[in-house]
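Asks: Let me begin by handing over the structure; questions about it come next.
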Amino acid sequence: MIFWGTAGFAQGLVDLLLRGSWVTPWEVVILVLLVLTVAGGISAIRKRAYWWAMSGAGVLVIAGIISAALQWQYSWFLTPVISHAMRVLMAAAAGCAYGIPGLLALIFLAKRKGEFQS
């Protein structure tokens, strides 16, 4: 969770800085969610605050869903260049980049709930 949250935040921040005035509220929401994911990953490593770690993993899945939707929305201008199937693949790859590690984190956290201290 720490790796994907940090990598996604860095990439999103670079995209926002390069684009300048094209910042949408959804992109800001994703950046905030990725910060919460990093905090949840740190909580998981320290094995404290189970619900904080679990919510960080859930937020990573949500960030994957939002990033897939944004990829689908922003790829409309490529429609003359790429086919419809390629848009689906691009959106799926964007969603899976965050969604699959988030689902794995949820599964592993659910299995290790007893190891966390209150």
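Laboratory data are not the source of any read-out in this text; all were calculated from the coordinates shown. Everything quoted here is computed from the prediction, not taken from an experiment. Please note: Cβ atoms are built from the backbone with ideal geometry, for glycine as well, and neighbour counts cover all protein chains shown.
Asks: Using only DSSP helix segments of four residues or longer, with each worth -39500 (n - 2.57), what per-residue ellipticity at 222 nm results for the chain after dividing by its residue count and rounding to 500?
Replies: Taken over the chain, the calculation gives -27500 deg cm²/dmol.
Asks: Tabulate in residue order the Karplus-calculated ³J(HN,Hα) for the range 54-62, using 6.51 cos²θ - 1.76 cosθ + 1.60 with θ = phi - 60°, rounded to whole Hz; enter x for Gly and Pro.
Replies: 5, 5, x, 5, x, 5, 5, 5, 5
Asks: FRET efficiency for LEU89 and LEU16, Cβ-Cβ distance as r, R0 = 25 Å, nearest 0.05? Don't skip to the end; give the middle numbers.
Replies: On the way: r = 25 Å, r/R0 = 0.98.
Efficiency, from the Cβ-Cβ distance: 0.50.
Asks: Between the helical axis of 84-111 and the dominant principal axis of the chain, each derived from Cα atoms, what acute angle in degrees is found, rounded to the nearest 10?
Replies: 0 degrees
Asks: Against the longest principal axis of the chain, how steep is helix 2-19, in degrees 0 to 90 to the nearest 10, with axes from Cα atoms?
Replies: 30 degrees
Asks: Please express the shape of the chain as an equivalent ellipsoid: the semi-axes are the square roots of 5 times the eigenvalues of the C-alpha gyration tensor, given largest first in whole angstrom.
Replies: The equivalent ellipsoid of the chain has semi-axes of 30, 16, 9 Å.
Asks: Using only Cα atoms and rounding to the nearest 10 degrees, what angle (0 to 90) does helix 25-46 make with the longest principal axis of the chain?
Replies: The angle comes out near 30 degrees.
Asks: Subtracting the Cα-Cα distance from 0.36 nm times the residue separation, let me have the gained length for LEU103 to THR24 in nm, one decimal.
Replies: Gain on stretching LEU103 to THR24: 25.8 nm.
Asks: To continue, here is another question. Under 8 Å for C-alpha pairs, at least 6 residues apart: give me the relative contact order for the range 25-113, rounded to a whole percent.
Replies: 31 percent
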